[in-house]
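Below is one structure, written out as structure tokens; the observations come after it.
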Amino acid sequence: MAQSLMMRGLTNYITELRASKNREDEEARVDKELGNIRAKFTAARLSEYDRRKYVWKMMYTSMLGYEVDFGLSEVLNLIQFPGFKDKCVGYTAATVLMSAASDTMPAMLRAMRGDIAAADPMLQCLALTASANFGGSKIADDIGDTVRSVLFGAMVPTAVRKKAALVLLRLFRVKPSLLPVPDYTSRLIDMLELPTLGEKQAVLCLILGVLAKNGVEHFAPLLPRLITMLNAVAVDSHADPHYVYHKVACPWYRVRILRALRHFPFPTDKTVQVPLTDVLTDVLRGTPVTKSLNHNNASHAILFEAINIVIRYGTNGPASLRERAVEHLSKYVNIREPNVRYLGLEGLTRMASLPGTREQVLRQQKAILISLKERDISLRRRALDLLFATCGRDNAEEIVGELVTHLITADSAIRSEMVLKIAILAERFAPNLRWYVDVVLKLLAHAGDHVSDDIWHRAVQIVTNNPPLQRYAAVKMFQAVETSMAHETAVKVAAYILGEFGFLLQEPAAGESATGDADDATTVSGSKQFVALHQHFDRVAPESRVLLLSAYAKLQHLYEAELDHVLTPIFEAHTTVLNEELQQRAVEYLSLKAQSDDLKGRVLEAMPAFEERESVLEARLKDTSKTAKDVDEWGKEADGAAVAADSPAASAPTPGRAKRAKGGAVGPDDESSSSGNEAEPAAQEDEDILGLGGDDAGFMGGADDAFGAAAAGDSPNIVASRGVPSGSLGAVRTALFSFLDRGRTRAGLFADDTVQLGAVVEFRGALGRLRLHIVNKSDGDLRNIEIDCPGTDAVATSIVDVPDRVPAGERPALEIRFKCMRPFADLIPITVSFHSGPMSATVEHSYALRAPVFTTSFLEAVALPMDALKARWGALAGEPKAARATVPVLRDPAAVLRAIGAEVVQASPEHGALGAATFRTEATNPDGKKISVGCLFKVSPQGSETAIEVRSQHGLVTRGLVNSIKAAFAHGVGSA
């Protein structure tokens, strides 16, 4: 009866919280309940049932995001009680409420160590599960030896040994000295003779972790053992009926064996080669597609692990295995079921990288092109990847032609990726450079919005560095901008090309530039070039006008008599415009007119050839593409089957190794924010437009401050230092500001050939959390991991304990928690640092980024009547409570306001949108109530621009919201 009442009380509490009409009601109910629990805990007598009941309520409250900073001693009491029910609740609560820094942690560790060493399997399992959820160096130091003793014990129940193996894997990743190699190598291998398949599978998980950390040098006896184990299940069908899953014998067990085999190179010993080849051949042969989805999933997991091994062996393995793998995958490409076809396309893409397989893969080109037209975008992406992988000089024109044709009807979700890959293929395999120029022109015509600056910059470099191509490019760009509907990106390219090489159009082509083409006879006067360019001047963005003014200056110098009377008034008219960059260019070019011909000639002479270096497009492809190393979902499960990466214990805030002594938040008057690159005024203008420079630089800090690489260390072993390259800044900014959309909770922050950083965010009131995933894309460990995210008096931060190493192919996640205490307008810096490479030639990495935490992250929508909004709007007039800004972008104002978390009170196409929200903090007033700041928004179109006005009681909130909304408009937040 008492237990029923306990559950009823907990159920009623949960029901009441869910029935709360608003946040204030919920907070009031939580405060009341927490006060009641405090009183009960201080009472003279408390039954075990009541103690468990109140601890359950504390756990639920904490899981809702409320801070529960009391009652840990009661949790400890439950753990120390002998009963199973008490210990079960105690350990569960400890993983939710405790952190490694808790005062009660030493006592809990003593109790945990005693339970692990106890003779009761139930208590052992409880303590082992809790220790895995906690993890961390403190757990590894205190109970790691005890867990190891249990694993290698003689009379250990099956369930306990399985848990011990998986817990030891968790702790080994933090403290590798728990299983020194080669001391424990033979003992681990011998444990594969355990009687039950479950124990073998758990030990295999542990061995996989050890192999990833230490390699296979001391594990030579393991290879024949693995082959024998796989052969017994796959060929001889020796499987426990309990482990047959939809007629597939032991799928997870076989997957783990195959993953372990992948660590070994192809053996040279014939006695090992033959059985290994036979068993892999059998796996590649015996995976037909059936009507059972579960059967297909299991068999495909085994098949693709075998294919991973074939790819790992490369040309060292038998050609028959590669041929059989391609043959099997080719069948998948022609199956209608989309999931199966996806697997086939992905597998063929990876197989195409192996020598001797491209021709066999190309036989499926027709089926690949059909997949490129599928409705499912994931299939289209895999088909695009496969076409990209199989393209060569012999078929480049055909494949690029098909891709360009498909680009016309492709939807926007895949266009950017298609444009990038078409541009790369056109450059790699161009039969001649004129064909390359023609392809770029088609990209500009069919998908101009998706031709990034990197793509057209690369085209300009190629034209500049190849004189025979310059006249042809000038003719084509003139023809492209003759039409009034030319895309803005085409206008920018034409401005540069005609400004530099337009003079070549005065006479027909001769010498190397002449190929007998009809375009060779085309001649164009300077005035025609100007007219073709200037018809677009009024409709393009300021950064494009800057390029046009530069082109005009060069045309004026070449055709002074013809164009001076037209261009001088244009320069004069722009000496008083509001845009600083346009004004500066106009003043400079106007003053240049009065200088000597010699000086003008030196200033306006043709740009020199660009330095030959790796194409920035190739670098972008490396950043955005998956590496050849397979990191799959089966692998993730294998290395962490019993360890919940998202467990509450893993997210408990603790200082750990996340060092936070570096730097602070960038202030609004940071000197670095005003620094710019004078050699690239157009790029600087773009940053000002986006609200990331000039007066609003405090929002991000300068480019060098926000994203610059750290200086190289003084250690003699460090041979290089790497940070965020300048070419990746645009992508990093885009990823960061995509989180301004409150509906977007996950995205990649940065990636290079070594690491990929992904983020998952969640905000509730004044609290937020960021799960930062660190994906090791290299072949070795990432060492000395440091996460620096300094808190401020405005936003407090706490970080999960960070492991010293991230093994190759693994993707651990850490959590950073944020608590907003007062208004702020600046982004929070976050630096990820580590070492890679061998100890004798270490590369130091330091990536200085910004956390995706904005003023808008702590907004809550408020439904406000129109009359009340108007009254409050008038009361908040004047600085600093009110602030205005304009952006040269037109988007749906209501959609943008909803995206950032505001309530739209009124909206119309003509007048824009009015909105309201509340900025939440954890700070309290003298009455103990949490302080909030009301915010009002007005976003309205004004010609070709959008006006933004924000009003609130606090100037920092106002400024932070204006900066956020400017960035939201600039980065397409709220767009359909």
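FYI, it's all coordinate maths here, none of it is from the lab. In this text, all values refer to a predicted model and were calculated from it rather than measured experimentally. We place every Cβ from the backbone using ideal geometry, glycine too, and count neighbours over all the protein chains shown.
Here the dipole of the range 857-970 is about 180 debye; that uses its Cα centre as origin and unit charges on the Cβ of Lys and Arg (positive) and Asp and Glu (negative). Fraction of C-alpha pairs exceeding 21 angstrom in the range 230-324: 29 percent, rounded to a whole number. If a spin label sat at a point 7 angstrom from the Cα of M839 along the line to its beta carbon, the backbone N atoms of the range 178-200 nearer than 19 Å would be those of 178-184. Only beta bridges with both residues in the chain are counted; by DSSP, about 95 percent of them are antiparallel. A simple spin-label model places the labels of R18 and F537 6.6 nm from each other, with each point 7 Å out along Cα-to-Cβ. Ignoring lysines fewer than eight residues from K40 along the same chain, the ones with Cα atoms less than 16 angstrom from its Cα are K32, K53, K57.
From most to least packed by mean Cβ count within 10 Å, the peptides 17-26, 740-749 give 740-749, 17-26. Cross-link check: pairs K421/K966; K492/K528; K929/K966; K819/K930 evaluated at a Cα-Cα cut-off of 21 Å; pairs beyond the cut-off: K421/K966; K929/K966. Is the shape of the range 857-970 rounded, prolate or oblate, going by the alpha carbon gyration tensor and its root eigenvalues a ≥ b ≥ c, with a/c under 1.5 for rounded and a/b larger than b/c for prolate? Cα axes put the range 857-970 in the prolate bin. When a/c reaches 1.5 or more, the comparison of a/b and b/c decides; with that in mind, is the range 452-603 rounded, prolate or oblate per its Cα gyration tensor? Prolate is the answer for the range 452-603, as a/c is 1.5 or above and a/b outweighs b/c. At R0 = 22 Å, how high is the FRET efficiency between A118 and E48 if r is their beta carbon distance? Nearest 0.05 is fine. Result of the calculation: an efficiency of 0.65.
Axis angle, to the nearest 10 degrees, between helix 121-134 and the longest C-alpha principal axis of the chain: 20 degrees. Near R822: Cβ cut-off under 10 Å, other residues only, Lys/Arg at +1 and Asp/Glu at -1. The net charge is -2.
Nearest 10 degrees is fine. How inclined is helix 488-501 to the longest principal axis of the chain, computing both from alpha carbons? That helix lies at roughly 50 degrees to the long axis. Between rounded, prolate and oblate, where does the range 145-267 land on the alpha carbon gyration tensor, with a ≥ b ≥ c its root eigenvalues, rounded for a/c under 1.5, else prolate if a/b exceeds b/c? Verdict is oblate for the range 145-267. A simple count of charges around I37, restricted to other residues whose Cβ falls under 13 Å of its Cβ and scoring Lys, Arg +1 and Asp, Glu -1, yields +3.
A simple packing score, the average count of other Cβ atoms within 10 Å per residue, orders the peptides 275-285, 256-266, 360-370 as 256-266, 275-285, 360-370, with the highest score first. Averaged over residues, the count of other Cβ atoms within 10 Å places the peptides 104-111, 118-125 in the sequence 104-111, 118-125, highest first. Going through [x] 12, 38, 31, 14, 4, 0; [y] 9, 16, 15, 13, 14, 12, 10, 8, 3, 0; [z] 11, 35, 37, 14, 2, 0, the figure that equals P(r) over Cα pairs in 20 Å bins from 0, in percent as computed for the structure here is [z]. Does anyone have the angle between helix 396-409 and the longest principal axis of the chain? Alpha-carbon axes, 0 to 90°, nearest 10? The angle comes out at about 90 degrees.
The relative contact order of the chain, computed from alpha carbon pairs under 8 Å that lie at least 6 residues apart in sequence, is 7 percent. For the range 11-21, the Karplus equation 6.51 cos²θ - 1.76 cosθ + 1.60, evaluated at θ = phi - 60°, returns couplings of 4, 5, 4, 5, 4, 5, 5, 5, 8, 4, 7 Hz by residue, with Gly and Pro reported as x. Within the shell defined by Cβ-Cβ distances under 12 Å, the residues around R951 carry a net charge of +4, with Lys and Arg each +1 and Asp and Glu each -1. Note on S73 and D145: their simple-model spin labels are 3.2 nm apart, each label 7 Å out from Cα toward Cβ.
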